[in-house]
1. Looking at the range 68-84, is at least one residue surrounded by 17 or more Cβ atoms within 10 Å (Cβ to Cβ) and touching a helix residue (DSSP H, G or I) at 6+ places or on another chain (Cβ under 7 Å)?
2. Applying the selection to the range 33-47, what residues are modelled with pLDDT of 85 or more and touching a helix residue (DSSP H, G or I) at 6+ places or on another chain (Cβ under 8 Å)?
3. Please determine, by comparing only the residues of the range 85-112 that are out of contact with any helix residue (DSSP H, G or I) (no Cβ under 9 Å at 6 or more places or on another chain) and either surrounded by fewer than 17 Cβ atoms within 10 Å (Cβ to Cβ) or in the same structural domain as residue 22 (by TED's automatic domain parsing) (or both), which one is modelled with the lowest pLDDT.
């Protein structure tokens, strides 16, 4: 019989820094467990289903489980889509201010938002900035990818 040798192989990669995560639509927490195993810190999980929330609380009593529909929160702020948008629901506002460094709506502009929690008003704003240094860094890291550079300089 042929002897089978197995090498010790690990897919573990030490993270460059620590990351915290808020998970929406968490279900029973499978994704959160995976993120936890990958070294991410789930600071809170949101789920509307009460049975899933019970499972989350039972399996991970140290997790902060936010039970309820996201429309029940006054403000839901998200990011990293690079596009500014807001959706006003019956009881809440879903706001994505856009991107500071890689805005898809205004190349060379940082997109941001002012939110007045007293009256639920918000205003999208943008600020011009020089993309020169950022473009130089992008071209050094990946000179074959032209897409990001094109995004940053479009008007």
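1. Yes, because at least one residue in the range 68-84 is surrounded by 17 or more Cβ atoms within 10 Å (Cβ to Cβ) and touching a helix residue (DSSP H, G or I) at 6+ places or on another chain (Cβ under 7 Å).
2. 45, 46, 47
3. We begin by selecting, within the range 85-112, every residue out of contact with any helix residue (DSSP H, G or I) (no Cβ under 9 Å at 6 or more places or on another chain); these are 85-88, 93, 95-100, 105-106, 109-112.
Of the ones still in play, those that are also either surrounded by fewer than 17 Cβ atoms within 10 Å (Cβ to Cβ) or in the same structural domain as residue 22 (by TED's automatic domain parsing) (or both) are 85-88, 100, 105-106, 112.
Working: 85: 88, 86: 89, 87: 87, 88: 85, 100: 73, 105: 67, 106: 59, 112: 84.
Ranking the qualifying residues of the range 85-112, first place goes to 106.
The values are calculated or read from the model by the stated rules, or taken from the named source; none is laboratory data. Small disclaimer: the values here were computed from a predicted structure and weren't measured. For neighbour counting, all protein chains shown are included, and Cβ atoms are generated from backbone atoms with ideal geometry for every residue, glycine included.
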